[in-house]
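Below is one structure, written out as structure tokens, with a few remarks after it.
The values are calculated or read from the model by the stated rules, or taken from the named source; none is laboratory data. What you are looking at is a predicted structure, and each value in this text was computed from that prediction instead of being measured. All Cβ positions, even for glycine, are placed from backbone atoms using ideal geometry, and neighbour counts span all protein chains on display. Surface accessibility is based on the protein's heavy atoms, side chains included, excluding ligands, DNA and RNA. Shrake-Rupley method; radii C 1.70, N 1.55, O 1.52, S 1.80 Å.
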Amino acid sequence: MDKLELTDAEWRERLSPERYQILRQAGTERAFTGKLYDNHETGEYVCAACGAELFDSGTKYDSGSGWPSFTEPAKDGAVDEHVDRSHGMTRTEVTCARCGSHLGHVFPDGPGANGLRYCINSASLDFAPKAD
Ligand code: FE
């Protein structure tokens, strides 16, 4: 996978202010406000910053959190995980492996076999529908 590295100025130019704040400054949209948390269509969720495939609709579930939630990434190596000690909590941040943009966090309370919940900002994702 080719990495995408842009300068801060290039990211600002390329992204809307909301997406820039979330993707490049590790922001969080308010729960239940994103376009995709309640999306149930079949398709791929790609990085809103670089277009890399990140999650598949087959692993999306209703966590009740108000953010798009997945049990696992679309493929091994699609996302990177980092310890995040901001806001007085220890969490695991999830970033796009291709462009380094902030996606959300992963928590150990998911329903799948691996017990993970990838809690991802809707603004960090674009949805590409697929015919069932
Ligand atoms: Fe990306």
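The figures follow:
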{"item": "Hits in segment 44-66 (condition: open to solvent by less than 40 Å² (accessible area, probe 1.4 Å), touching a Pro at 6+ places or on another chain (Cβ under 9 Å) and under 22 Å from residue 4 (Cβ atoms))", "result": "45, 54, 55"}
{"item": "Close pairs (8 angstrom Cβ cut-off, 6 or more residues apart or separate chains): among the hydroxyl-bearing types (Ser, Thr, Tyr) in segment 41-54, near the ligand (Cβ under 8 Å from one of its atoms) anywhere", "result": "45/54"}
{"item": "Residue that is nearest to residue 22 (Cα to Cα) [pool: residues in segment 103-113 that are at pLDDT 95 or above and open to solvent by 40 Å² or more (accessible area, probe 1.4 Å)]", "result": "107"}
{"item": "Members of segment 73-87 that are at positive phi and modelled with pLDDT of 95 or more", "result": "77"}
{"item": "Residue match in segment 103-119 (condition: basic (Lys, Arg), within 13 Å of the ligand (Cβ to nearest atom) and more than 10 Å from the chain's Cα centre (by Cα))", "result": "no"}
{"item": "Test: residue in segment 67-82 that is more than 14 Å from the chain's Cα centre (by Cα) and either open to solvent by 10 Å² or more (accessible area, probe 1.4 Å) or of a type outside the set (Phe, Trp, Tyr) (or both)", "result": "yes"}
{"item": "Residue satisfying all of: in segment 1-35; among the aliphatic types (A, V, I, L, M) and within 16 Å of the ligand (Cβ to nearest atom); surrounded by the fewest Cβ atoms within 10 Å (Cβ to Cβ) among these", "result": "1"}
{"item": "Residue match in segment 69-86 (condition: in contact (Cβ under 8 Å) with a residue 12 or more places away in the chain, of a type in the set (Asp, Glu) and within 16 Å of the ligand (Cβ to nearest atom))", "result": "yes"}
{"item": "Those residues of segment 87-102 which are surrounded by 14 or more Cβ atoms within 10 Å (Cβ to Cβ) and either more than 16 Å from the ligand (Cβ to nearest atom) or of a type in the set (Asp, Glu) (or both), in sequence order", "result": "91, 92, 93"}
{"item": "Residues satisfying the stated conditions in segment 8-33, i.e. outside any helix (DSSP H, G or I) and over 12 Å from the mean Cα position of the chain (by Cα)", "result": "15, 16, 30, 31, 32, 33"}
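Every residue, every condition in (1) touching a helix residue (DSSP H, G or I) at 6+ places or on another chain (Cβ under 6 Å); (2) more than 20 Å from residue 130 (Cβ to Cβ), yes or no:
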| residue | (1), (2) |
| --- | --- |
| 3 | no, yes |
| 11 | yes, yes |
| 14 | no, yes |
| 25 | no, yes |
| 35 | yes, no |
| 83 | no, yes |
| 112 | no, yes |
| 119 | no, yes |
